[in-house]
Amino acid sequence: MQVLKGLLQETVAPHLHVPSTEEMRILNLACGQCDEAATLVDFAKAQSKSEQVRLIGADIRIREILQARERHSHLPAEFLLEDATKLKSHKELGEDFNMVLLRHQNFWHGPELWKKIFEQGLEKVSDDGLLVITSYFDKEHQLALDALQGLGAELITTQSNPLSRKLISPGKSVDKHIAVFRRKG
Ligand SMILES: C[S@@+](CC[C@H](N)C(=O)[O-])C[C@H]1O[C@@H](n2cnc3c(N)ncnc32)[C@H](O)[C@@H]1O
């Protein structure tokens, strides 16, 4: 996860503003088994200075969530079985996340579904927080950028990852692109 760590530091950190006394809160939507949990906690600790960190992961698949709970039980993290299109009804989650992450967003597999997930994710971002996506594919990244901007998100930056690791499927590559958004207004 060294590559993701570097990517977050270069692309996201310059735009994050976490007061030194506050907890840094990350919501990782559609997190799967959350391979990146330890990386996110380390990143958050470096940003918050207070070292107070909370990572919440959510996915609709029970198997992945159980795996995430088992693998990352030593981290300041919790993993929720949650339909990310219905976060609105989950008021206790709060709407004050410093960062909402959708790693390897899956827009291609259901544009309408993913628009809803993006919309719900944006609502969970604090006023000066960020929504971050990464993508496996060029085209899928572009479609997600368009969709998020269509939902009113402001694109701060989008970067290609020169250290992305190629996968077997043509054109597919780990964290091939990253983009950072803030909520408008
Ligand atoms: C391409 S995988 C990415 C998983 C993980 N973020 C990663 O980078 O390995 C897409 C994930 O979206 C999740 N997902 C799909 N629909 C969802 C929904 N409505 N609510 C929450 N998660 C969902 C799937 O279960 C799957 O884990």
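Observations on the structure shown:
- Of the residues screened, residue 126 is one that is surrounded by 15 or more Cβ atoms within 10 Å (Cβ to Cβ) and among the small types (Gly, Ala, Ser).
- Count of the range 1-41 residues, restricted to those that are of a type outside the set (Asp, Glu) and assigned to a helix (DSSP H, G or I), is 18.
- Selected residue [within 13 Å of the ligand (Cβ to nearest atom), in contact (Cβ under 8 Å) with a residue 24 or more places away in the chain and assigned to a strand (DSSP E or B)] from 117, 133: 133
- Any hit, the range 9-18, residues being without any contact (Cβ under 8 Å) to a residue 60 or more places away in the chain, within 15 Å of the ligand (Cβ to nearest atom) and exposed (fewer than 15 other Cβ atoms within 10 Å of the Cβ): no
- Residue satisfying all of: in the range 43-58; away from the ligand (no atom under 16 Å from the Cβ) and in a strand (DSSP E or B); surrounded by the most Cβ atoms within 10 Å (Cβ to Cβ) among these: 53
- Of all residues in the range 59-105 being outside any helix (DSSP H, G or I) and small (Gly, Ala, Ser), the one that is surrounded by the fewest Cβ atoms within 10 Å (Cβ to Cβ): 73
- One residue stands out in the range 78-99 among those that are in contact with a strand residue (DSSP E or B) (Cβ under 6 Å, 6 or more places away or on another chain) and under 23 Å from residue 128 (Cβ atoms): the one that is modelled with the lowest pLDDT, namely 96.
- Single unsatisfied condition, residue 112 versus (1) in a loop (DSSP other than H, G, I, E, B); (2) over 28 Å from residue 54 (Cα atoms): (1)
The values are calculated or read from the model by the stated rules, or taken from the named source; none is laboratory data. Computed from a predicted model, the values in this text were never measured in an experiment. So basically every Cβ, Gly included, is an ideal-geometry build from the backbone, and we count neighbours across all protein chains shown.
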